[in-house]
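Scroll down for the structure; my scribbles are underneath it.
The values are calculated or read from the model by the stated rules, or taken from the named source; none is laboratory data. The structure presented is a predicted model; accordingly, all values stated were derived computationally and were not measured. Neighbour counts run over all protein chains shown; Cβ positions are idealised from the backbone, glycine included.
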Amino acid sequence: MVLVNAISTDEKGEFTMALPKRKVSKSRRDKRRTHQKLAVPNVQKCPQCGEAKLPHHMCPECGSYKDRTIMEIEN
């Protein structure tokens, strides 16, 4: 039997591949996937215009950051 990257040939010359020994339970599968969830973005209100914005980012509606106008936004 020749072993090449988990693919081997048997006596007949047919290719065989590695298979799991046991079924992965739903609980074990879900435990593995716990870190793949989507995160809800932390959104705050802009103190100038009241629109939603990300913390530590300029407001996309009015262009203010830390109570100062950083950029003039054309409407």
Give segment 4-32 a look and list any residue that's hydrophobic (A, V, I, L, M, F, W, C) and either touching a strand residue (DSSP E or B) at 6+ places or on another chain (Cβ under 9 Å) or at pLDDT 95 or above (or both), or say none.
-> Ala6, Ile7, Phe15, Met17, Ala18, Val24
Give me the pairs: first residue in segment 8-29 and in contact (Cβ under 8 Å) with a residue 60 or more places away in the chain, second residue loosely packed, with under 10 Cβ neighbours inside 10 Å, beta-carbon distance under 8 Å, and six or more apart or on different chains, which are they?
-> none
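Condition first: among the hydrophobic types (A, V, I, L, M, F, W, C) and either under 18 Å from the mean Cα position of the chain (by Cα) or farther than 30 Å from Ile7 by Cβ (or both). Can you find one or more residues in segment 50-57 that meet it? Before the answer, list the steps.
Of all residues in segment 50-57, those among the hydrophobic types (A, V, I, L, M, F, W, C) come to 52, 54.
Keeping just the survivors that are either under 18 Å from the mean Cα position of the chain (by Cα) or farther than 30 Å from Ile7 by Cβ (or both) gives 52, 54.
Scanning segment 50-57, I find at least one residue that is among the hydrophobic types (A, V, I, L, M, F, W, C) and either under 18 Å from the mean Cα position of the chain (by Cα) or farther than 30 Å from Ile7 by Cβ (or both), so the answer is yes.
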